[in-house]
Amino acid sequence: MADVVTGLWNPSTKLPVSWPVDVGQVPIFYSRRPTGRPALPDVRYSSKYLDLPNEPLFPFGHGLSYTNFSYRDFSAQPTEPRPGDKITLEVTVSNDGKLAGEETALFFLRDPVASVSRPVLELKGIRKLTLEPGQSQTIQLVLTTDDVTFPGADFAPRLEAGAIELFVGPSAKEETLLRTQIRVVD
């Protein structure tokens with residue numbers, strides 16, 4: 001514990017859950033279903049708390065470190081996959097701090113328009129990397145179109161044509177995520 005407090009050891013652990021501001025927010029998690037009523041502070045009939053923020057105090061994947069990491073150049077290839085294709089996600093992670101550290105990159109997806117309601121974010125992959133100060137590394141995650149399928153209304157696996165949003169970042173906090181999009185072609 002003394003090594004962590006004094007900075008001799010750089011922690012790299014991330015939260016496996018979302019931590020609420022208050023017990024009144026429970027259950028709170030990143031893979032919730034959309035309400036269809038976004039939280040608009042000036043609109044009376046929107047999905048929000050009157051005395052609490054809608055966001056958790058600490059989102060899934062939140063963690064502290066003695067260094068800073070940044071993400072850039074997020075891309076997905078191909079941009080129009082067909083059933084059976086592989087989708088390669090690629091991002092560059094940099095250590096912008098003065099100490100070596102470990103970072104855990106979280107890859108999410110969202111299907112904004114589907115025949116059944118889909119989660120706001122779905123975790124699809126994790127990559128952990130160790131970087132020295134000033135070092136950058138490009139990491140990849142390979143998905144298939146099977147990773148984009150979901151159980152339909154009849155509980156049979158479905159792959160529907162349309163836009164899929166892909167995200168990468170240090171946690172499930174949407175403001176920290178890089179975003180790209182692909183379009184599944186039938």
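From the set of residues in region 100-126 that are more than 18 Å from the chain's Cα centre (by Cα) and within 19 Å of F69 (Cβ to Cβ), which is surrounded by the fewest Cβ atoms within 10 Å (Cβ to Cβ)?
My answer is A100.
Pull out all pairs, ordered by first then second residue, where Cβ-Cβ is under 6 Å, the residues are six or more apart or on different chains, the first lies in region 44-65 and is touching a residue at least 12 places away in the same chain (Cβ under 8 Å), and the second is among the aromatic types (F, W, Y) and in a loop (DSSP other than H, G, I, E, B).
F60/Y30
Could you tell me whether A39 is part of a loop (DSSP other than H, G, I, E, B), touching a residue at least 40 places away in the same chain (Cβ under 8 Å), at negative phi and not aromatic (F, W, Y)?
no
Can you say whether R32 is part of a loop (DSSP other than H, G, I, E, B), over 30 Å from G97 (Cβ atoms), in contact (Cβ under 8 Å) with a residue 12 or more places away in the chain and not hydrophobic (A, V, I, L, M, F, W, C), as far as the supplied structure shows?
Judged against the criteria, R32 is a match.
Quick test for you: out of G63, G134, pick the one residue that is surrounded by fewer than 16 Cβ atoms within 10 Å (Cβ to Cβ), assigned to a loop (DSSP other than H, G, I, E, B) and under 17 Å from the mean Cα position of the chain (by Cα).
G63
Where a number appears in this text, it was derived from the coordinates with a stated rule and is not lab data. A quick note: this is a predicted structure, and the numbers were derived from the prediction, not measured. Cβ: placed from backbone, ideal geometry, glycine included. Neighbour counts: every protein chain shown.
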